[in-house]
Amino acid sequence: MNRSILSRPCSRYAISDNQSGSVTMHQTKQPNLLSLVCLFLVSCLWLVEAGAWTDKITETAYVNSVCQLTPEAQCSWAILIDVQAPGVDMHESSLASARLDRSNFERANFSRSIFQLANLKDTNLMLSNLEFAHMHGVNLQNANLMFANLSGASLFDADLSGADLRGANLVGAILIKAKFDGATWTDGRICAENSIGECR
């Protein structure tokens, strides 16, 4: 007769009495829900990383009718290609998966904003404030980041190939897996091919 069921991550056990009166523990064959959820999340993370480098988003694929260029804006999936908004204040905004390529955001304030998987290719971010911005997987190819404040920003898995980082503040920035091929570094050096996580 079963007394109870004990659950542990990645496995499931049952406690039962045998005929001698002693207690034994055996593993059940039923799949643990937690382990299935873990497997699903790992699969999702793999897909997110794979999609981090995409530049094949059609200009009509995403629609956001509530996006306004204001602080704390909700602009995820918005299409803001070729926008002229120098000096705009959008601190703490959500811009995940947004199309911002070729736009002018010189001197803009994006501090603590979320840009995950956004496209900022060829965008002018000179002198912009990106302090503590979340920029996981962002496309910053050929972006102008001269004198930009990227202190504390997360650039994990971002693509900054060909970007201009002269004079930029990268103190405390997370550069793990970030790509800097052909980028101009903060001191004016040109980063070599296969510059991952640092300028070589």
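What follows draws every value from the coordinates through simple rules; no lab data is involved. Just so it is clear, the model here is predicted, and its values are computed rather than measured. No Cβ is skipped: glycine too gets one built from the backbone with ideal geometry, and neighbour counts run over all protein chains shown.
For the range 68-169, what does the alpha-carbon gyration tensor say about shape, rounded, prolate or oblate, given a ≥ b ≥ c as the root eigenvalues, a/c under 1.5 as rounded, and a/b over b/c as prolate?
rounded
Once you order the gyration tensor axes a ≥ b ≥ c over the Cα atoms, which shape class does the range 130-200 get: rounded for a/c under 1.5, otherwise prolate or oblate by comparing a/b with b/c?
oblate
Counting Lys and Arg as +1 and Asp and Glu as -1, what is the net charge of the other residues whose Cβ lies under 11 Å from the Cβ of Arg166?
-1
What's the exposure ranking of Asp122, Asp159, going from fewest to most Cβ atoms within 10 Å?
Asp122, Asp159
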